[in-house]
Structures are given as structure tokens and as C-alpha cells.
Amino acid sequence: MRTLDVIYPSAGFKDDKLFRKLRHGVGKAIADFSLIEKGDRIAVAVSGGKDSYTMLLLLEELRRRAPVPFELVAVNIDSGYPGYRTDVIEEFFRKNGFTYRMVPSEHYEIIKEKRRPGSSYCSICSRLKRGALYETAQTLGCNKLALGHHQDDFIETLLLNQFFVGSLKSMSASMLADNGVITVIRPLVYLAEEDIIAFSRLAKLPVVCCCCPVCGTADMQRKRMKRLLKELQVDIPHVKSSLLKALSNVHPRHLLDPALRRETVG
Ligand code: SF4
């Protein structure tokens with residue numbers, strides 16, 4: 001079994017240039033989209049992947065420095081896939097002094113029973129997980145739920161929706177959930193995936209596999225978008241930052257959506 005480093009409070013990486021860059025990116029997202037306010041109690045979804053661990057550490061660092069008080073509660077949903085090491089995740093929470101809630105579930109059993117042959121594992125799995133996160137956040141008295149989607153997720157989703165759905169949309173940095181109670185926030189919106197990977201290695205984060213039946217083979221179209229972006233970057237090095245910028249630089253009059261035209265042309 002791999003050993004766990006106690007990151008807080010020793011946190012040897014905190015003065016590292018990369019960590020400061022990531023912290024700056026999250027701070028900017030919080031300011032730009034008013035993600036965190038005084039008195040917030042935020043459920044932080046931690047799956048045991050590089051993104052969610054990094055998000056938790058960055059939010060904790062900012063919480064310690066913040067001029068306004070807010071609280072964090074790390075939440076892990078166990079979908080029940082055999083071999084998923086929730087013990088490693090819980091040890092990370094415990095050793096680093098986080099307030100946390102581990103939530104076991106019967107999701108795998110439900111998926112086995114309800115999934116239609118040939119249909120996507122991920123859509124039902126993520127729907128169930130999202131529902132459990134909303135419910136847990138509410139039970140814990142949280143008003144916000146932080147998810148670890150980063151810059152590359154936003155850009156790939158933008159491309160996927162255009163290429164396969166015929167829709168011009170990505171994700172929101174802050175949005176009231178369908179339940180009308182919890183606000184979903186995405187504080188990693190400005191962080192590049194490659195920086196998160198580098199940080200997770202630097203901090204020796206105890207990344208665990210989700211152990212689902214389609215682990216590593218799911219979401220081939222997203223992988224395709226990753227490859228496409230990598231190819232484009234050879235000739236257009238700033239292509240990712242330009243695509244992200246496009247999401248906050250929308251010109252409705254130059255699009256074809258009739259509803260948007262009615263709003264802007266009258
Ligand atoms: S990759 Fe696996 S764990 Fe992730 S959403 Fe798909 S089925 Fe669920």
C-alpha cells in the first residue's frame with residue numbers, strides 16, 4: 001500500500017511557484033464570479049482524483065487567508081464499484097484535518113439493474129452521483145457544492161456540444177442547481193489540467209481509481225477533443241485560452257438563436 005504524506009499543516013509545497021499559480025487562478029475565479037461569500041458552507045466533492053484533491057487543498061488554503069469566514073466540508077460518494085479505495089480518501093481527509101462525510105451508496109447495483117444494454121454507463125452514474133451530492137450537501141447544511149471541473153473540461157465541453165449536439169454552450173462557473181437550493185460552483189475554471197497533473201505529482205496526492213467497469217475507456221469523444229486541441233496547439237499555442245475567453249465574450253447579435261435575437265434586436 002502506498003504511504004500518505006501529511007500535507008497540512010506541514011504543506012511543504014505552499015510556497016512553490018506552481019501552487020501559487022494555481023491559488024491565484026482559483027482566487028481570480030472566486031472574485032470574477034463571486035463564487036464564495038461570507039458565511040458560506042461549501043460541500044467540496046472529492047472523488048479521489050487529482051482535480052478534486054487539488055480543489056480541496058486550494059480552497060482550504062484560501063479559506064485560511066480569506067478576509068471573510070466560510071466553511072468547507074469534504075464529501076465523498078462511494079458508488080460501490082468493487083475495489084474503490086475510499087479508505088485512502090478518508091485517511092487523506094483525516095490526516096489533513098478536514099471536516100468530511102463519506103457516503104456509501106447502492107449506485108452500482110442500481111446501474112446494473114436499470115441501465116439499458118448498450119447505453120452509456122457514465123450518464124446514469126454521474127446522474128446518481130450528482131443527486132447524492134445535492135442531497136448530502138443539503139443534509140450537511142451547505143448552501144454550495146464545489147465541483148472540480150477545470151479549464152480543459154470547459155473547453156472540451158464547448159467543443160463537444162458544438163460538434164455532437166449542435167449547441168453553443170459549456171458549463172457555468174456558478175449556477176443554482178435544479179433543486180433550487182444548492183449553488184454549484186466550479187472554482188478551477190481558470191486552471192489548466194496540465195498544471196493540476198504537475199501539482200498532484202508534486203504534492204504526492206493519493207489519487208485512487210474510480211474502479212468503474214468503463215474506467216479509462218469511457219468518454220472517447222472527450223479524449224478525441226483532447227487530441228484535437230493538442231494538435232491545434234502546435235500551430236496555435238494560445239488556442240485553449242482563446243476558447244475559454246470566447247465563453248466570456250459572447251456577441252448574441254452575431255449568432256442565429258431567434259430567442260437571443262429577439263432580446264438584442266427587439
Ligand atoms: S467513468 Fe466510471 S465513475 Fe466516471 S462517470 Fe463514467 S461510469 Fe461513473
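The rows are residues; the columns are (1) surrounded by 13 or more Cβ atoms within 10 Å (Cβ to Cβ); (2) within 30 Å of I36 (Cα to Cα).
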residue: L191; (1), (2): yes, yes
residue: I196; (1), (2): yes, yes
residue: D219; (1), (2): yes, no
residue: M225; (1), (2): yes, no
residue: N249; (1), (2): no, yes
residue: L256; (1), (2): no, no
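Among residues of region 49-73 that are basic (K, R), those with a Cβ under 6 angstrom from a residue that is open to solvent by less than 10 Å² (accessible area, probe 1.4 Å), sequence gap 6+ or separate chain, pair up as K50/I196.
Flag: D152 matches the condition of being buried (at least 18 other Cβ atoms within 10 Å of the Cβ) and among the charged types (D, E, K, R). Residues of region 155-172 that are crowded, with 20+ Cβ neighbours inside 10 Å and hydroxyl-bearing (S, T, Y): S170 alone.
G97 - would you say it is loosely packed, with under 15 Cβ neighbours inside 10 Å and farther than 21 Å from C215 by Cα? When the stated conditions are applied, G97 passes them. Show the residue pairs that are 6+ apart or on different chains and have beta-carbon atoms under 8 Å apart, the first residue being within region 227-239 and touching a residue at least 24 places away in the same chain (Cβ under 8 Å), the second being surrounded by 12 or more Cβ atoms within 10 Å (Cβ to Cβ) and assigned to a helix (DSSP H, G or I). What qualifies is L228/L159; L229/D152; L229/I155; L229/E156; L229/L159; L229/V239; L229/K240. Would you confirm whether any residue within region 155-174 is within 16 Å of the ligand (Cβ to nearest atom), in a loop (DSSP other than H, G, I, E, B) and touching a residue at least 24 places away in the same chain (Cβ under 8 Å)? No.
Within the bounds of region 101-120, is there any residue that is within 14 Å of the ligand (Cβ to nearest atom), in a loop (DSSP other than H, G, I, E, B), open to solvent by 40 Å² or more (accessible area, probe 1.4 Å) and touching a helix residue (DSSP H, G or I) at 6+ places or on another chain (Cβ under 9 Å)? Checked region 101-120: at least one residue is within 14 Å of the ligand (Cβ to nearest atom), in a loop (DSSP other than H, G, I, E, B), open to solvent by 40 Å² or more (accessible area, probe 1.4 Å) and touching a helix residue (DSSP H, G or I) at 6+ places or on another chain (Cβ under 9 Å).
The values are calculated or read from the model by the stated rules, or taken from the named source; none is laboratory data. Not measured: the values here are computed from a predicted model. FYI the Cβ positions are ideal-geometry reconstructions off the backbone, even for glycines, and counts take in every protein chain you see. In case anyone asks, the SASA skips ligands and DNA or RNA and just uses the protein heavy atoms, side chains included. Shrake-Rupley method; radii C 1.70, N 1.55, O 1.52, S 1.80 Å.
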